[in-house]
Amino acid sequence: MGNGALWTTDQDGGLTAMFRMGFNVLGYAALETALTASGNELSDADLRSWAAHWHLGARVYPMWHWQAELPDYLQPLEPSLYFGWGGTYQVYTPESGLDEVGWSSWGSWRFGLGLEYFITSYFKLGVDYN
C-alpha cells in the first residue's frame with residue numbers, strides 16, 4: 001500500500017456466529033456445510049472488520065464405535081474431526097481515514113476439532129476449534 005500500511009488478515013476479537021447443518025452417515029461420519037461470520041466494531045466505519053466463510057466438508061466421529069462402553073452420563077458427548085473446502089470473504093479498514101479493503105477466495109481449507117453434546121438424536125450443541 002502506498003502509505004506504508006501492510007495488508008493483513010488479523011482481526012481483533014468480536015462476535016462470531018456459526019450455522020452448521022449435515023447428514024450423519026451411520027454415526028461414524030457426517031457430510032456437512034458450515035457458514036461462519038465474525039465481526040468487530042461493525043458500527044464504526046473507521047475501525048470495522050468482518051469475515052464470512054462457507055465450507056462443504058466431512059466430520060468424522062472416531063469414538064462412535066466405543067460410545068456404548070462409556071458411562072451413561074458421557075454418552076451424549078462426542079469428539080469429532082472436521083475438514084472442508086469452500087470460500088472466504090474478508091473486509092477491514094487498514095488505518096483510520098482510509099477506505100475499507102476486502103478480498104475473497106475460493107479454495108479456502110478448514111480443519112478442526114470438535115466436541116458435541118447431543119440433546120436429542122437429531123439436535124446437538126458443539127464447540128469447535130478450527
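The values are calculated or read from the model by the stated rules, or taken from the named source; none is laboratory data. Everything quoted here is computed from the prediction, not taken from an experiment. When we count neighbours, we look across all protein chains shown, and the Cβ atoms used for this are built from the backbone with ideal geometry, even at glycine. Keep in mind that these areas ignore ligands, DNA and RNA; they rest on the heavy atoms of the full protein, side chains included. Shrake-Rupley method; radii C 1.70, N 1.55, O 1.52, S 1.80 Å.
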Checking the structure you have, find out if any residue of the range 76-87 is open to solvent by 90 Å² or more (accessible area, probe 1.4 Å) and either under 21 Å from Val127 (Cα atoms) or modelled with pLDDT of 85 or more (or both). yes
Can you tell me how many residues in the range 61-75 are open to solvent by less than 30 Å² (accessible area, probe 1.4 Å) and of a type in the set (Ser, Thr, Tyr)? 1
Being of a type in the set (D, E, K, R), modelled with pLDDT under 75 and more than 17 Å from the chain's Cα centre (by Cα) is the requirement here; does Asp46 meet it? yes
Of all residues in the range 1-28 being of a type in the set (Gly, Ala, Ser) and under 15 Å from Lys124 (Cα atoms), the one that is modelled with the highest pLDDT: Gly22
Please tell me if Gln90 is touching a strand residue (DSSP E or B) at 6+ places or on another chain (Cβ under 6 Å) and either free of Cβ contacts under 8 Å to residues at least 60 places away in the same chain or under 30 Å from Leu47 (Cα atoms) (or both). yes
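Here is a yes/no grid of residues against (1) open to solvent by 60 Å² or more (accessible area, probe 1.4 Å); (2) farther than 27 Å from Asn24 by Cβ:
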position: Asp44; (1), (2): no, yes
position: His55; (1), (2): no, no
position: Arg59; (1), (2): no, no
position: Gly102; (1), (2): no, yes
position: Ile119; (1), (2): yes, no
Looking at the range 23-41, which of its residues are open to solvent by less than 50 Å² (accessible area, probe 1.4 Å) and outside any strand (DSSP E or B)? Gly27
